[in-house]
Each structure stands twice: as C-alpha cells, then as structure tokens.
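Student: Input: one structure, supplied below.
The values are calculated or read from the model by the stated rules, or taken from the named source; none is laboratory data. What you are looking at is a predicted structure, and each value in this text was computed from that prediction instead of being measured. When we count neighbours, we look across all protein chains shown, and the Cβ atoms used for this are built from the backbone with ideal geometry, even at glycine.
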C-alpha cells in the first residue's frame, strides 16, 4: 500500500470526523430547547432551575458506540451541598432516567451509571441542593436505538443469576475518608421494547425500580430507576465509612423481586476486592 | 516500515471510530436475526442503496413510495402510573408512511400480509414504482423490510441505510407522522 493512499485515507477520516463535529441546525436546537421546557414543566413544575456549571458537571460521550450502554458521570464540585441528582435523557420515551438521593453517609462528588439512549438527545443532570434549589447542566449525545437493543441472546440466559451483586472497592480504604465503590447488579432490566433473539417476541418489561444503599444503617444512596438503566447495571458512588462495617444493598424490581446483599468494609490493609 | 504500520494502525482506529460504512459487513443469507442496532452492510441483493442527496433528488423527480419501518415506543408494564412517559412525536421524511413491526427477522402472517397489502395499495400494484425503505442509522429493521419488499416482487426497491439521522444531518426537513397501525400488544 502506497504512502499516498494511506495519506488520502487519513484525510478522508479526518474529514468525516469534521462532519460529525458540525453544530446541529438552528431549528433542531429550537426543538431541543422546546422539549426541555416541556420536560422541566412535567418534572419540576413551576420551580426555577439555575445554570449549574459551578455546582456540578456531566460527562457523556459526544457519540456513543453502544447506545444501550452510554456511560454518564456526574461530578459535584462541593460548592453547594447536593442532596439529589436527576438524570434526564430528554428524547427517551421515558425521559426521567433516574433519581439519585444522597444520604448522610454519602460522598456525592462522583456518580457514574450506564444508560440506554433511544435517539440523538440532550442529557440533563439536575442537582437539588440541600436548601431546595435546582441547578442543571447538559450534554448533547449522538446515539440511536439503545432502547430496542436486546439485553442478551435470549430471555432465559439474561435471567440467569438475577439479582446477584458484586461490589468493588479501591485498594485503599481509610476510615473517615471518602471511598469510591462500584456496584454491579445482574439484571436484564428489560424495557418491553426488546425482542427475544430466539422467539422473536417482545420480552415483557422487567426492570429495577429502586436501589437502596446503606452503611451500618446510615443512608448512602437511594436510586429510583427506570427502563433507561442498562442491562446489568453498574453504578459508581462514594460513601464515607466512619467505622468498619457492612455496606448493605437492597434492590427492588418491577416484578416484586427483592434482592439484598451486604459487603464487608474494613481498612485497606485487610481487604482489596470484595466479591 | 514500522512508521507505515503505525500510520495504518492509527488509520484503522480513526476509520473504525467514524461511520459504520468502514465496517464491511457481509449480507446475511436470509433476514438478519442478530442485534437490530448494529453495523449494517452497504449492499442489499435485488435492491439499491440510496444516500440522502440522491434520495432528495429521487423524491423531487420520481415520487417514490417512502416507508419508515422504525419501532414505536410502548409504555412498559410495571411502570408507575405517575411516571413520566412522553415519547417524542415521530419525525419522518415528509410524505413517508410509518409502518412499524415489518422489519423483524420473522414476522407473523398478519404482519406480512399487512405489509404486502399496504405496498400493493400504495403502488396500485405497480411493481416498478420506486420504493424507499428506511429507519435509523445502524438499524437492520429497514434492511429486513426492504428485503421483504424485494421478495414480494418489487423491482425498484431502495434502501436508505443512514436513516432519519442521516436525512437530518444532510440538512433536510422532516414531518411528524402517526403509525399506519398500532403495534402488537
């Protein structure tokens, strides 16, 4: 292969990258703004929402390679104590993707989840401060089809190990300091729009409704989730263990199943990866 | 030589992160039964591929029958009654008929019949009438539906793989439409 050909390819690749980065047309921006007005009214009624750039940040890929697994990260700056984060995927049919309420043992500085995105959309992260004010930031994400993407090769396989959980802690855990935990839950989180790969029938919706995390009885995180949460959810959150103890996770799903698991948390010299 | 390898490798990375055309997907023998939203081929046996600008020209010159086979969102069972369910109005290429459910790998006899009769009615039985079938980018529903139409004997079937996203990205207008038939319960 000649050098010239390779360079031509390089130019073509860069050009297509440039096309992707093009700003959306004005009417599309107007449509997106109108949609957000509609959702704000539906979710927050008359409450006013301020620009939240000093309070929180939202990280999302501009173009997601897998629309069924779009990683979203919300960071709070600490400029204002945040009690709750709302994640809103504007153009999903069920736009309110999750409500995350922090408790007294929480470290709200980082929250990571993976969501389904149905079409090109703005994603809003809205923080509710402890004094009841609302602050929002947003990102535009190009992804399409995540809501109808199948969860697994077929229903029976996707339901294996339903409700099993794992918790990953960092190598270093210091009592009294924030610890970042990664919680993994086995759950297909069927949204009712997916087709079984073998039977070709729609799989009935079956999804996680709440996740409650406590440490030694103190609340860390309460998640009210919905069909937008990806298959086998992975949630990263922070908490502050004042003592050694147990982190308890309770998951409730739309079919009335309840899953519970406790994980030991102790200073790092005695543990690394809890399974 | 090493420099060349390195250059090619970074090219490969760049290209694989750009559009799906670079992925070189072969056509399946029958209908596609894998993940609906995944890389698609750039061919369809018995039919033609069309891109946004050519499609706009075709619409202006030949009045093709435009068929959108995108899925229709359904409120999931078990969702609390007060949970927000607010699907976007469905945006389609102006003049398109939205016929959901006809792009599966297998469809029920009813749906097969419905699709065949809708096409027969809209084309007035003219097997040479241009037909354009699309849904979304990286979506096999329209590939399957186009293959189905080709199987009914239509000789001028175009598949528009970039879908509504590609149409809008090329700067063309859309219209809000309702489906021709409600989805199965």
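Student: If you scan segment B:87-106, which residues turn out to be over 14 Å from residue B:132 (Cα atoms) and either part of a strand (DSSP E or B) or free of Cβ contacts under 8 Å to residues at least 12 places away in the same chain (or both)?
Tutor: Those that are over 14 Å from residue B:132 (Cα atoms) and either part of a strand (DSSP E or B) or free of Cβ contacts under 8 Å to residues at least 12 places away in the same chain (or both): B:88, B:90, B:91.
Student: Consider only pairs whose beta carbons are under 9 Å apart and that are at least six residues apart or on different chains; among these, list those whose first residue lies in segment A:25-46 and is within 11 Å of chain B (Cβ to nearest Cβ) and whose second residue is assigned to a helix (DSSP H, G or I).
Tutor: From segment A:25-46, the pairs are A:25/B:168; A:28/B:168.
Student: In addition: Mind listing just one residue for me: the one in segment B:88-101 that is crowded, with 16+ Cβ neighbours inside 10 Å and within 14 Å of chain A (Cβ to nearest Cβ) and, of those, farthest from residue B:176 (Cα to Cα)?
Tutor: Within segment B:88-101, the first condition is being crowded, with 16+ Cβ neighbours inside 10 Å, and the residues that meet it are B:88, B:90-93, B:96-101.
Retained after the next criterion (residues that are within 14 Å of chain A (Cβ to nearest Cβ)): B:88, B:90-92, B:100-101.
Details: B:88: 10, B:90: 5, B:91: 5, B:92: 6, B:100: 15, B:101: 19 Å.
Restricting to residues being crowded, with 16+ Cβ neighbours inside 10 Å and within 14 Å of chain A (Cβ to nearest Cβ), the top hit is B:101.
Student: I would also like to ask the following. Restricting to segment A:70-83, what's the tally of residues that are under 14 Å from the mean Cα position of the chain (by Cα) and either free of Cβ contacts under 8 Å to residues at least 24 places away in the same chain or away from chain B (no Cβ under 13 Å) (or both)?
Tutor: Within segment A:70-83, the first condition is being under 14 Å from the mean Cα position of the chain (by Cα), and the residues that meet it are A:70-75.
Subset that is either free of Cβ contacts under 8 Å to residues at least 24 places away in the same chain or away from chain B (no Cβ under 13 Å) (or both): A:71-75.
Residues flagged as under 14 Å from the mean Cα position of the chain (by Cα) and either free of Cβ contacts under 8 Å to residues at least 24 places away in the same chain or away from chain B (no Cβ under 13 Å) (or both) within segment A:70-83 amount to 5.
Student: Let me ask something else about it. Any chance segment A:155-178 includes a residue that's assigned to a loop (DSSP other than H, G, I, E, B), within 14 Å of chain B (Cβ to nearest Cβ), modelled with pLDDT under 95 and closer than 30 Å to residue A:263 by Cβ? Steps first, answer last, please.
Tutor: If we filter segment A:155-178 for residues that are assigned to a loop (DSSP other than H, G, I, E, B), which is where we start, we get A:159-164, A:169-178.
The next check asks that each one be within 14 Å of chain B (Cβ to nearest Cβ); those that pass are none.
The answer is no; no qualifying residue exists.
Student: Any residue in segment B:109-131 that is outside any helix (DSSP H, G or I), modelled with pLDDT under 95 and touching a strand residue (DSSP E or B) at 6+ places or on another chain (Cβ under 9 Å)?
Tutor: no
Student: Just a yes or no: is a residue in segment B:14-28 closer than 25 Å to residue B:176 by Cβ, in a loop (DSSP other than H, G, I, E, B) and either modelled with pLDDT of 85 or more or within 14 Å of chain A (Cβ to nearest Cβ) (or both)? Steps first, answer last, please.
Tutor: Step one: filter segment B:14-28 for residues closer than 25 Å to residue B:176 by Cβ, giving none.
No, segment B:14-28 contains no residue that is closer than 25 Å to residue B:176 by Cβ, in a loop (DSSP other than H, G, I, E, B) and either modelled with pLDDT of 85 or more or within 14 Å of chain A (Cβ to nearest Cβ) (or both).
Student: Which of the following residues is away from chain B (no Cβ under 11 Å) and either more than 30 Å from residue A:175 (Cβ to Cβ) or crowded, with 24+ Cβ neighbours inside 10 Å (or both): A:108, A:93?
Tutor: After ruling out the rest, the residue left standing is A:108.
Student: Here's a follow-up. Using the structure shown, decide if residue B:130 is under 19 Å from residue B:166 (Cα atoms) and touching a residue at least 40 places away in the same chain (Cβ under 8 Å).
Tutor: Working: under 19 Å from residue B:166 (Cα atoms): no; touching a residue at least 40 places away in the same chain (Cβ under 8 Å): yes.
Taking the combined requirement at face value, the residue does not satisfy it.
Student: Filter segment B:124-136 for residues that are under 19 Å from the mean Cα position of the chain (by Cα) and either away from every other protein chain (no Cβ under 14 Å) or over 12 Å from residue B:68 (Cβ atoms) (or both) and give the result.
Tutor: From segment B:124-136, those under 19 Å from the mean Cα position of the chain (by Cα) are B:129-136; that's our starting set.
Matches in segment B:124-136: B:129, B:130, B:131, B:132, B:133.
Student: Still on this structure, I have one more. Test of understanding: among A:137, A:117, which residue is over 30 Å from residue A:240 (Cβ atoms) and modelled with pLDDT of 90 or more?
Tutor: Values: A:137 fails: over 30 Å from residue A:240 (Cβ atoms).
A:117 is the lone residue from the list that is over 30 Å from residue A:240 (Cβ atoms) and modelled with pLDDT of 90 or more.
Student: Could you list, in sequence order, all residues of segment B:47-74 that are more than 8 Å from chain A (Cβ to nearest Cβ), part of a loop (DSSP other than H, G, I, E, B) and over 16 Å from the mean Cα position of the chain (by Cα)? I'd like the intermediate steps shown before the answer.
Tutor: Keep residues of segment B:47-74 that are more than 8 Å from chain A (Cβ to nearest Cβ), which gives B:47-70, B:72.
Those still in the list that are part of a loop (DSSP other than H, G, I, E, B) too: B:47, B:50-51, B:63-64, B:69-70, B:72.
Across segment B:47-74, the qualifying residue is only B:63.
Student: To continue, here is another question. Among the residues of segment A:48-66, write down those that are more than 23 Å from residue A:78 (Cβ to Cβ) and either in contact (Cβ under 8 Å) with a residue 60 or more places away in the chain or surrounded by 13 or more Cβ atoms within 10 Å (Cβ to Cβ) (or both).
Tutor: Keep residues of segment A:48-66 that are more than 23 Å from residue A:78 (Cβ to Cβ), which gives A:61-66.
Hits for segment A:48-66 are A:61, A:62, A:63, A:64, A:66.
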